[in-house]
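Here the structure comes first, spelled out in C-alpha cells, and everything after it is commentary.
The values are calculated or read from the model by the stated rules, or taken from the named source; none is laboratory data. On a predicted model such as this, the values are computed, not experimentally measured, just so you know. Note: ideal-geometry Cβ built from the backbone for every residue, glycine included; neighbour counts use all protein chains shown. Remember, those area values only see protein heavy atoms, side chains included, never the ligands or the DNA or RNA. Shrake-Rupley method; radii C 1.70, N 1.55, O 1.52, S 1.80 Å.
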Amino acid sequence: MTDDSRIGPPLLGSERDTLRAFLDYHRATLAMKCAGLTDEELRGRSMPPSTLSLLGLVRHMAEVERAWFRRAFEDHDAPMVWSKETDFQAAYDVSASTRAEAFGAWEAEVETSRRIEREAESLDLVGFQPRWNEEVSLRMVMIHVLLEYGRHNGHADLLREGVDGTVGA
C-alpha cells in the first residue's frame, strides 16, 4: 500500500468538525485500500458466490453518498448511479467497470456530499430520505454514512489482504 497520508480526526473538535473529519478519514481509507492495484485486482472477488470486490465497494459507496446526501437534501428524484431502481446491489457488478469509472463517480459524489454539508447552517438541517419516506437530519445522515464506511472498510481490509497480502490501515 502507498504512504498513509490520511489526516486523523481532531481529538478536541466540535461535533461537526469531528464528524466531517471522521468521514474524510474513512473516505481516504477506502481510497488507500485500493491504491496501487490494477483494474483486474480491484475487480477480484472475495469468495464465490459473493460478488464483493474493492471496485464494487467504491461503486457502492458512490451510491451511498448519493442516496444519503444528494437525494436527501437536493434532488429526491436523482437516479442511482448504476441502477434505474433503488438497487444498491447493482454497484457490485464490476464485470465491465474500471478504476477510472468507479473512482470518477465516487469522487464526484463525495464532492457533492461535502458541498451539501459545508453549505448547511447546522447539523440540524432537515432533509427527506425518499427510500424511507421520512425526514432525516444532516447529523443522522453523516453518522449513517460514517457507519457505512466503517463497515465496508472492514471488508476492504480483507479484500486487500486477499489481493496481495497487504494488511494494516
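Annotation note: Cβ proximity below 6 Å between a residue of the range 125-149 that is touching a residue at least 24 places away in the same chain (Cβ under 8 Å) and within 17 Å of His60 (Cβ to Cβ) and a residue that is among the polar types (S, T, N, Q) and open to solvent by 40 Å² or more (accessible area, probe 1.4 Å) (sequence gap 6+ or interchain) occurs for Arg131/Thr86. In the range 93-114, which residue that is in contact (Cβ under 8 Å) with a residue 40 or more places away in the chain and either at positive phi or among the acidic types (Asp, Glu) (or both) is least open to solvent (accessible area, probe 1.4 Å)? It comes out as Glu109.
Residues of the range 69-87 include at least one that is part of a helix (DSSP H, G or I), within 18 Å of Ala21 (Cα to Cα), in contact with a Lys or Arg (Cβ under 9 Å, 6 or more places away or on another chain) and modelled with pLDDT of 95 or more.
Is there a residue being out of contact with any strand residue (DSSP E or B) (no Cβ under 8 Å at 6 or more places or on another chain), acidic (Asp, Glu), assigned to a helix (DSSP H, G or I) and farther than 18 Å from Arg27 by Cβ anywhere in the range 155-165? Scanning the range 155-165 turns up at least one residue that is out of contact with any strand residue (DSSP E or B) (no Cβ under 8 Å at 6 or more places or on another chain), acidic (Asp, Glu), assigned to a helix (DSSP H, G or I) and farther than 18 Å from Arg27 by Cβ.
Among all positions in the range 64-75, there is at least one residue which is surrounded by fewer than 17 Cβ atoms within 10 Å (Cβ to Cβ) and either touching a strand residue (DSSP E or B) at 6+ places or on another chain (Cβ under 8 Å) or not aromatic (Phe, Trp, Tyr) (or both). Being in contact with a Cys (Cβ under 6 Å, 6 or more places away or on another chain) and at pLDDT 95 or above is a property that Leu54 has.
As a summary of the residue check, Ala100 satisfies the conditions (1) part of a helix (DSSP H, G or I); (2) touching an Asp or Glu at 6+ places or on another chain (Cβ under 8 Å); (3) not charged (D, E, K, R) except for the one numbered (2). Inspect the range 24-35 for any residue being aromatic (Phe, Trp, Tyr), without any contact (Cβ under 8 Å) to a residue 60 or more places away in the chain and more than 24 Å from Asp4 (Cβ to Cβ) and give the result as yes or no. No, there is no match, as no residue in the range 24-35 is aromatic (Phe, Trp, Tyr), without any contact (Cβ under 8 Å) to a residue 60 or more places away in the chain and more than 24 Å from Asp4 (Cβ to Cβ).
Checked against the criterion of being closer than 26 Å to Ser137 by Cα and in contact (Cβ under 8 Å) with a residue 60 or more places away in the chain, the candidates Leu11, Leu19 yield just one match: Leu19. Applying the criterion of being under 24 Å from Met47 (Cα atoms) and acidic (Asp, Glu) to the residues of the range 115-166, the residue that is most open to solvent (accessible area, probe 1.4 Å) is Glu161.
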